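Step one of this worksheet: look at the structure below.
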Amino acid sequence: MGEKRVLKKMISSLLCMIVLLFISVAPAVAASNEQSGEPLTVGVPVDRCPVFYLDAETKEITGIGVDLMRIAAENAGYRVTFKAIAEKSLKEALDNPSYDVVMPFGSAIESASGKPSIVSENIMLTPFTLVTVGDRKLPPLNNLHVGMLQSNAGVAETVRRRYSGIKISLYESMSESVDALRSGEVDALLNNSYVWSYVLQKPAYNDLVVQPEAMLLMDFRVGTVDTAKGQMIITRLNDGIKALSDTQRQAVILDYTSRKLYQYDFYDYLYQYGLVVFMGVLLIITLIVIATQKVRSVRKWHDEKMRQVMDYDSLTGGYNMNGFRKRVETLLRTYPDAPYFLSYNNIRGFKYINDSLGRQAGDELLKFWMARSKENLSEEDEAIGRIDADHFAVLRHIVEEERMREDEKNVFNPVQNFFINQGRDYRIQICSGIYVLTPKDFRNIDVDHMLDLARVAEKRVRDSRKGAFEFYNPEQWDKGKKIAQIINYLPSAIQSGDIQVWYQPQVNYDTKSVIGAEALCRWDHTKLGWLYPFEFIATLEEAGLIFDLDCFVWERVCQDLHRWNEQGKHRSVSVNVSRDDIQEDRDIPAHFQNLIQTYSLTPDQIHIEITETAYAENPSLLIRTTEKLRSLGFQVEMDDFGSGYSSLHMLKEVPVDRIKLDLHFLSESGDPEKSRIIVRNITRMINEMGMNMIAEGVETVEQADFLKSIGCDQMQGYYFYKPMPVKEYDDLSEKL
């Protein structure tokens with residue numbers, strides 16, 4: 001029995017020694033584990049809460065970017081240390097050797113000293129949002145002047161590359177940039193949406209409004225100078241970043257964005273409660289206002305986050321169905337005259353890809369498709385969305401065939417060869433259905449209906465067992481393509497001389513002499529060949545570009561008149577003014593006055609033709625314009641009289657010098673005797689009113705003789721001369 005007691009005591013003593021040894025060794029092992037891994041120093045800005053900031057209690061650098069970078073670095077075998085950058089910008093920080101890497105970058109940039117940099121894979125997609133004073137409507141990003149923080153200079157460089165027309169000013173601090181916004185120095189401020197969710201809690205900034213429609217997604221990467229060491233670090237970090245799961249990213253972002261991180265300082269309280277010190281009576285009202293502002297700020301922040309969830313696809317970063325629908329509606333209202341098509345695209349056998357190659361392979365394919373598509377789309381006026389699964393919808397401008405081939409080369413071919421380029425023997429087949437928008441679609445916008453029609457065309461392709469595309473309405477595609485070719489080629493056609501000014505002589509039938517000419521234009525289109533006015537005038541009017549063409553014609557006529565004056569030939573020419581040219585914000589009389597002064601002409605050399613229908617549509621503005629033109633000495637003519645709904649009242653009110661009669665009255669249709677009676681009485685009425693008259697469209701000697709018999713000697717038409725180039729007109733004038 002005694003031996004057993006001794007044995008028990010020895011076993012107890014041994015167990016106690018083991019426990020004591022474990023207690024003493026465990027911290028050392030833990031400390032050793034904490035010290036394992038190669039050290040890595042990461043330079044970060046600390047003025048971007050909740051992405052990067054100093055914790056008020058621990059004084060340690062923390063935030064969304066810190067947590068995600070720490071996980072990625074540990075995945076790569078690094079022991080990471082974060083260090084606040086002392087430099088004004090990340091470009092300057094790149095030149096500081098005390099940082100192994102610096103973050104965040106949207107893309108590779110040069111350091112302040114001009115050294116190239118290298119950046120890691122994308123750690124997360126970061127939404128950047130514009131903020132304005134008040135809820136104002138902003139022009140497209142390419143036309144904006146925005147303010148950003150100096151520490152965001154690297155991001156600014158990426159934004160400039162993406163939007164070539166944008167103007168960016170950098171500021172040292174948030175307060176300085178807000179002052180610039182309030183003073184009108186910039187149109188808006190651009191920053192990380194997560195940073196705005198923190199900054200806009202400041203009471204003094206309650207006049208600032210987030211513009212959710214102007215959101216853009218930026219990459220969030222680590223960068224360093226492009227050296228052998230830098231390449232090695234980035235390569236290792238890329239492995240760690242790839243190990244980051246979407247769940248980890250979302251958990252970190254949700255953790256920080258749900259915290260109440262903003263701490264009021266003295267000035268915030270003074271701003272918010274100043275009136276309480278002097279007016280205790282208003283204490284309750286002030287508290288209600290404060291509570292309302294806080295609720296509004298939180299609601300706005302939550303609404304913004306909810307909009308992101310509702311409008312954007314979490315996998316690809318593009319629009320989801322809801323966001324695509326809203327974006328298309330906005331674009332069609334903003335650009336009601338632009339030719340568009342909507343395509344519905346589907347990957348044949350996508351389920352096989354997920355089953356045989358793995359779901360991750362399928363996800364990577366979808367992300368690649370979205371990324372390549374966005375690189376080739378204009379974010380300003382085009383859109384792409386992932387509707388569901390492997391189905392993508394695209395709203396695209398109708399352009400020439402070369403652009404379609406570029407899309408096939410830059411988007412579809414890389415997507416089709418995605419797995420082949422990875423060494424896997426599998427080629428993707430894409431089925432596309434294309435619906436070309438009609439004018440009705442712009443008046444009654446129904447994106448779901450348009451998608452349904454595109455799906456019908458896509459199903460025809462899918463049922464054919466071939467990967468290709470098919471149009472739902474090919475005739476509208478041809479029409480839209482022609483409209484696009486006319487609109488897009490106008491500026492270059494004017495510059496290159498493809499659009500020419502021709503002259504149709506006007507004659508006195510009694511004396512058989514040329515008394516003037518009407519300026520007309522002909523277009524030798526690069527793609528479509530010779531175009532006549534009826535083929536492009538209406539299109540340019542719908543697109544709001546007719547003024548550009550008319551200004552070109554007017555100036556070319558003045559140049560010819562100036563040349564003829566120098567040759568001792570004082571001639572007059574009639575030019576057309578479209579109803580769309582005469583608007584409240586355009587001073588047409590001053591424009592013509594400036595032309596005759598520039599080219600040393602007299603006003604009687606320019607006869608200005610305005611159509612009868614133009615007077616009927618906006619009589620008050622056109623009558624004021626006509627009166628001013630006549631007061632400056634110009635001859636004003638009412639063109640196409642009789643071709644529309646002629647009004648005797650309008651003829652009484654409009655102050656013109658000459659009526660240009662359209663001879664559709666003498667056409668073969670209708671009762672010829674009634675036609676002659678109408679023309680005879682119109683002529684007598686115009687003569688009795690003291691106006692001149694010229695008949696256009698004269699095609700036969702019988703018409704000419706009849707007009708002369710009723711007192712109309714001035715005529716124009718194919719019976720005498722067709723429109724001709726200026727050289728032929730010069731030769732004709734020399735002969736006469």
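Among the residues of the range 71-85, which ones are without any contact (Cβ under 8 Å) to a residue 60 or more places away in the chain and either surrounded by fewer than 18 Cβ atoms within 10 Å (Cβ to Cβ) or not assigned by TED's automatic domain parsing to the domain that holds GLY106 (or both)? Result: ARG79, THR81, LYS83, ALA84.
Taking residues in the range 38-62 that are farther than 18 Å from PHE128 by Cα, and partners anywhere that are among the polar types (S, T, N, Q) and assigned to a loop (DSSP other than H, G, I, E, B), the pairs with Cβ atoms closer than 8 Å and at least 6 places apart or on different chains are THR41/SER98; GLY43/ASN96; GLY43/SER98; ALA56/GLN263. Return the residues of the range 185-208 that are among the hydrophobic types (A, V, I, L, M, F, W, C) and surrounded by 17 or more Cβ atoms within 10 Å (Cβ to Cβ); say none if nothing qualifies. Those that are among the hydrophobic types (A, V, I, L, M, F, W, C) and surrounded by 17 or more Cβ atoms within 10 Å (Cβ to Cβ): VAL186, ALA188, LEU189, LEU190, VAL195, TRP196, VAL199, LEU200, LEU208. Is at least one residue of the range 378-392 touching a Phe, Trp or Tyr at 6+ places or on another chain (Cβ under 9 Å), closer than 24 Å to TYR312 by Cα and among the polar types (S, T, N, Q)? There is no residue in the range 378-392 that is touching a Phe, Trp or Tyr at 6+ places or on another chain (Cβ under 9 Å), closer than 24 Å to TYR312 by Cα and among the polar types (S, T, N, Q). For the range 357-400, a residue qualifies if it is in a helix (DSSP H, G or I) and touching a residue at least 60 places away in the same chain (Cβ under 8 Å), and the qualifying residues are LEU357, LEU365. Per the listing LEU528, LEU549, the residue uniquely in the same structural domain as LEU595 (by TED's automatic domain parsing) and closer than 24 Å to LEU595 by Cβ is LEU549. Going by the conditions given, is LYS242 exposed (fewer than 13 other Cβ atoms within 10 Å of the Cβ), of a type in the set (D, E, K, R) and either within 22 Å of LEU170 (Cβ to Cβ) or out of contact with any strand residue (DSSP E or B) (no Cβ under 8 Å at 6 or more places or on another chain) (or both)? Considered against the rule, which asks whether it is exposed (fewer than 13 other Cβ atoms within 10 Å of the Cβ), of a type in the set (D, E, K, R) and either within 22 Å of LEU170 (Cβ to Cβ) or out of contact with any strand residue (DSSP E or B) (no Cβ under 8 Å at 6 or more places or on another chain) (or both), LYS242 comes out as yes. Looking only at residues in the range 428-455 that are touching a Lys or Arg at 6+ places or on another chain (Cβ under 9 Å) and at pLDDT 90 or above, the one that is surrounded by the most Cβ atoms within 10 Å (Cβ to Cβ) is LEU451.
Among the numbered conditions (1) modelled with pLDDT of 90 or more; (2) under 22 Å from LEU254 (Cα atoms), the only one that TYR99 does not meet is (2). Selection of strands (runs of 3 or more DSSP E) fully inside the range 51-115 by the criterion of at least 1 residues being among the hydroxyl-bearing types (Ser, Thr, Tyr) returns 52-54, 78-84. No other residue among VAL698, VAL679 is in the same structural domain as MET638 (by TED's automatic domain parsing), β-branched (Val, Ile, Thr) and farther than 26 Å from SER572 by Cα apart from VAL679. Identify, please: which residue in the range 129-149 is in contact with a Lys or Arg (Cβ under 8 Å, 6 or more places away or on another chain) and crowded, with 19+ Cβ neighbours inside 10 Å and is, among those, nearest to VAL209 (Cα to Cα)? The selected residue is VAL146. Taken over the range 86-115, the criterion of being exposed (fewer than 15 other Cβ atoms within 10 Å of the Cβ), closer than 24 Å to LEU68 by Cα and either free of Cβ contacts under 8 Å to residues at least 40 places away in the same chain or not assigned by TED's automatic domain parsing to the domain that holds VAL225 (or both) is satisfied by ALA86, PRO97. Being touching a helix residue (DSSP H, G or I) at 6+ places or on another chain (Cβ under 9 Å) and surrounded by 21 or more Cβ atoms within 10 Å (Cβ to Cβ): is that true of ILE384 here? It is true that ILE384 is touching a helix residue (DSSP H, G or I) at 6+ places or on another chain (Cβ under 9 Å) and surrounded by 21 or more Cβ atoms within 10 Å (Cβ to Cβ). Does ASP425 count as at pLDDT below 85, exposed (fewer than 13 other Cβ atoms within 10 Å of the Cβ) and over 26 Å from LEU528 (Cβ atoms)? Spelling it out, ASP425 is indeed at pLDDT below 85, exposed (fewer than 13 other Cβ atoms within 10 Å of the Cβ) and over 26 Å from LEU528 (Cβ atoms). The residues listed here are ILE608, ILE596; of these, the one that is assigned to a strand (DSSP E or B) and outside the structural domain of TYR340 (by TED's automatic domain parsing) is ILE608.
The set of residues in the range 712-736 being over 50 Å from the mean Cα position of the chain (by Cα) and closer than 18 Å to ASP662 by Cβ consists of CYS712, ASP713, GLN714, TYR719, PHE720.
Name every residue in the range 492-536 that is at pLDDT below 80, of a type in the set (A, V, I, L, M, F, W, C) and in contact with a strand residue (DSSP E or B) (Cβ under 9 Å, 6 or more places away or on another chain), in order of residue number. Across the range 492-536, the qualifying residues are ALA493, TRP530, LEU531, PHE536.
Count of the range 646-678 residues, restricted to those that are part of a loop (DSSP other than H, G, I, E, B) and either closer than 17 Å to ASP713 by Cα or at pLDDT 85 or above (or both), is 2.
Of the residues making up the range 417-448, those that are in a loop (DSSP other than H, G, I, E, B) and more than 20 Å from PHE324 (Cα to Cα) number 10.
Going by the structure shown, is TYR426 of a type in the set (Phe, Trp, Tyr) and closer than 15 Å to ASN345 by Cα? No, not satisfied. Quick check: is even one residue across the range 225-237 among the charged types (D, E, K, R), modelled with pLDDT of 75 or more and either more than 36 Å from the chain's Cα centre (by Cα) or in the same structural domain as LYS326 (by TED's automatic domain parsing) (or both)? Yes - at least one qualifying residue is present in the range 225-237. If you check LEU40 against the conditions, is it in a strand (DSSP E or B), at pLDDT 90 or above and farther than 23 Å from VAL178 by Cβ? Yes. When ASP135 is tested against the conditions (1) assigned to a loop (DSSP other than H, G, I, E, B); (2) of a type outside the set (Lys, Arg); (3) within 17 Å of ASN192 (Cα to Cα), the lone failure is (3). Within the range 404-416, does at least one residue satisfy the condition of being part of a strand (DSSP E or B) and crowded, with 16+ Cβ neighbours inside 10 Å? Checking the range 404-416: not a single residue is part of a strand (DSSP E or B) and crowded, with 16+ Cβ neighbours inside 10 Å.
The values are calculated or read from the model by the stated rules, or taken from the named source; none is laboratory data. If you're wondering where the values come from, they're calculated on a predicted model, not measured in any experiment. Reconstructed Cβ throughout: ideal geometry from the backbone, glycine too, with neighbour counts over all protein chains shown.
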